[in-house]
Amino acid sequence: MKQFLYAAFLLAGSLLSPFASADTTPEALLQEMSSASQKLDYEIAFISITRQGIDAYRYTHAISNKSQLAQLVLMDGPRREVVQRGNDISYFEYGLQPFTLDGDHIVDSLPTLAFSDFKNLSKYYDFIAVGRARAADRLSEVIRVVSRDGTRFSYIIWVDQESKLPLRVDLLDRDGETLEQFRVISVDAGSNAVDDLAELAKAKLPPVLSLPPVDETQFQWQPQWLPDGMKEVSRSKRNLPNMPVTIESRLYSDGLFSFSINVNPSNGVVSEQIVRQGRRTVQTEVRNGNEITVVGELPPSTAKRIADSIQFTPQ
């Protein structure tokens with residue numbers, strides 16, 4: 001019933017406020033959104049709503065000397081800050097040692113799709129124009145992103161007509177229930193972000209965190225089914241600290257959602273269990289003396305289908 005009412009609301013919105021221009025396709029507008037998010041100078045204040053609660057943030061972004069500068073600050077409680085300078089993403093949090101990771105954008109609490117390549121995603125997702133609406137007191141175009149094979153979550157995105165920045169992003173499960181929400185409260189596009197981030201351009205950042213070497217040997221197992229567009233992006237073989245357990249992992253992504261498959265010898269305790277918390281699902285089962293765990297941004301039925309498809313080859 002909730003799904004029907006939600007669909008009816010969106011349909012009514014599209015009838016009352018048609019898409020801005022027939023010449024601008026939803027895919028083109030989403031690509032403009034991705035470009036604006038990475039190339040404009042701007043500052044936004046937003047809230048992130050999840051099952052764990054509501055957090056308020058300020059995000060400032062600028063281009064200086066052809067390099068990205070950005071700062072994400074948690075606005076309530078102990079100060080937590082993430083900054084970007086070029087491909088260095090540095091984390092500062094009270095009580096923890098600062099560190100830096102390689103990356104091309106800040107991912108924490110910001111919607112991944114704001115930085116996605118929609119031309120590539122168009123092979124596996126449909127982009128549906130819903131209509132116009134208001135968000136953060138600005139007129140926006142509303143677009144829905146749905147996987148063509150129906151195996152992933154979907155998004156509804158409010159794109160600012162003027163700046164092309166995302167003003168609101170809802171992550172929905174396959175029943176139409178909202179799992180997470182990104183909502184901009186205020187936006188200042190074309191602000192003095194370069195001046196605000198001037199100190200960051202010359203600040204001394206913590207050293208890049210050195211990750212332990214990984215063993216990329218061949219595994220004796222392989223998934224026989226994956227959602228369309230999911231590709232293996234890395235694999236690793238590591239021992240758990242202080243435990244004689246070796247875990248083999250493969251990481252998959254389609255550029256929008258990601259998950260990992262982990263296989264290790266079973267201790268005989270877990271038979272099968274599934275846990276979902278917001279966008280993340282953990283599916284665990286034991287087969288042939290091996291514990292198989294699928295962890296990531298997937299509906300439970302998709303995670304189980306992947307786990308069930310794992311085949312082992314004789315050593």
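Since every read-out is calculated from the coordinates, none of them should be taken as a lab result. Just so it is clear, the model here is predicted, and its values are computed rather than measured. Every residue, glycine as well, gets a Cβ built from its backbone with ideal geometry; the counts of neighbours run over all protein chains shown.
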Report task. With N denoting the number of residues in the stretch 2-202, provide Rg(C-alpha) divided by 2.2 N^0.38 Å, to two decimal places. Result -> 1.05
Query raised in the report: Could you state the per residue volume, in Å³, of the convex hull enclosing the Cα atoms of the stretch 221-312?
Result: 102 Å³
Report summary line: Ordered by fewest other Cβ atoms within 10 Å, a rough proxy for footprinting exposure, V184, V73 read V73, V184
Report task. Between V233, V83, V194, find the one with the highest GNM mean-square fluctuation for the chain; connect C-alpha pairs within less than 10 Å. Result -> V233
Query - FRET efficiency, 1/(1 + (r/R0)^6) with R0 45 Å, evaluated for L101 and Q220 via beta carbons - result: 0.90
Report task. Quickly work out the R58-to-S301 label distance, labels modelled 7 Å from Cα along the C-beta direction, and quote it in nm with one decimal. Result -> 4.5 nm
Report task. Have a look at G53, G103, G176 and tell me which one the Gaussian network model of the chain (Cα, springs below 10 Å) gives the largest fluctuation. Result -> G53
Requested in this report: Helix by helix through the chain, keep the DSSP H runs that span 20 Å or more along the axis on Cα and average at least -1.0 on Kyte-Doolittle, and give those back in order.
Outcome: 2-16
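Distance cut-off 29 Å, Cα to Cα: go down the list K119/K237; K66/K123; K66/K204; K202/K231 and report the pairs above it.
Numbers: K119/K237 33 Å; K66/K123 31 Å; K66/K204 19 Å; K202/K231 38 Å.
As for pairs spanning more than 29 Å Cα to Cα, those are K119/K237; K66/K123; K202/K231.
How high is the FRET efficiency from R148 to E272, r the C-beta distance, R0 45 Å, rounded to 0.05?
That pair, R148 with E272, gives E of 0.95.
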Requested in this report: Scan the chain and report its longest stretch carrying no chymotrypsin sites (Phe, Trp or Tyr not before Pro) that are both in a DSSP loop and have at most 15 other Cβ atoms within 10 Å.
Outcome: 95-218
Query - GNM result for the chain, Cα springs below 10 Å: residue of R183, R138, R152 fluctuating most strongly - result: R138
